[in-house]
Structure formats: C-alpha cells, structure tokens
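This report concerns only the one structure given below.
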Amino acid sequence: MHTINNAAVVLIALLYGEGDLDKSISISVMAGWDTDCNGATVGSILGAMLGAKALPQAWVGQFNDTLHSAVFGFDQARISDLALRSWKTYLAVTGG
C-alpha cells in the first residue's frame, strides 16, 4: 500500500543524506510515512555501502554485537555471526 511512498522516502534520504548515516536515517524518519521500515531500509543500504567499520559507534556500539530475538535458536545471536551466515548464503545462491 505504501510501496511507492516508501521508495520515494528512501531515495530522498539516500540522496540528501549524502552518505551520512545519522542524516540519512533522520531524513527518512522525519518524512513521517512508514518510519520504522524506511529508517531500517536506509540504514541497511548505507551499512552495506559503507561497511561495518565505517558505521558510527553511537549506532552500533550499544548493541555489543548481540541481537536479542524471539526466534528460536537465535535469542542472543552475535550480529557478526548472522552477517557471516548471510554472506555465505549469498555466495551459495549466486555461486560466487
């Protein structure tokens, strides 16, 4: 229902945020549509573009590399382990 609006918000945030994670996420949230999804999408895209080492500690430090989840078997998973698992899945699917 909000696909076009969300895509527009994400695009505007990425363009006007100029690669700055704080600024880009703030722009996407201030647009006021689907704030949680748009902020997460913008953060994910910039995270992939910038790489983990370039992410500000204010955003990643407080997580202590731990994800608390209600998914069985992943209730206190390491974020770095999940990222590696995702990368390996990508390689397996693409043959890369």
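Whenever a residue of segment 68-93 is more than 19 Å from Ile45 (Cβ to Cβ) and not assigned by TED's automatic domain parsing to the domain that holds Ser44, it has no partner that is modelled with pLDDT of 90 or more and among the basic types (Lys, Arg) lying with C-beta atoms less than 6 angstrom away and at least six residues away or across chains. Looking only at residues of segment 13-41 that are part of a helix (DSSP H, G or I) and small (Gly, Ala, Ser), we find that the one that is nearest to the chain's Cα centre (by Cα) is Ala40.
Against the definition (surrounded by fewer than 10 Cβ atoms within 10 Å (Cβ to Cβ), at positive phi and in a loop (DSSP other than H, G, I, E, B)), how does Gly73 come out, yes or no? Yes: the conditions hold for Gly73. Evaluated against (1) in the same structural domain as Asn6 (by TED's automatic domain parsing); (2) modelled with pLDDT under 90; (3) touching a Phe, Trp or Tyr at 6+ places or on another chain (Cβ under 9 Å), Gly96 falls short on exactly one condition, (1). Residues being touching a residue at least 12 places away in the same chain (Cβ under 8 Å) and farther than 21 Å from Leu82 by Cα are entirely absent from segment 50-58.
The values are calculated or read from the model by the stated rules, or taken from the named source; none is laboratory data. Being a predicted model, the structure only gives us computed values, none of them experimental. Cβ sites come from the backbone with ideal geometry, for glycine too, and all protein chains shown count toward neighbours.
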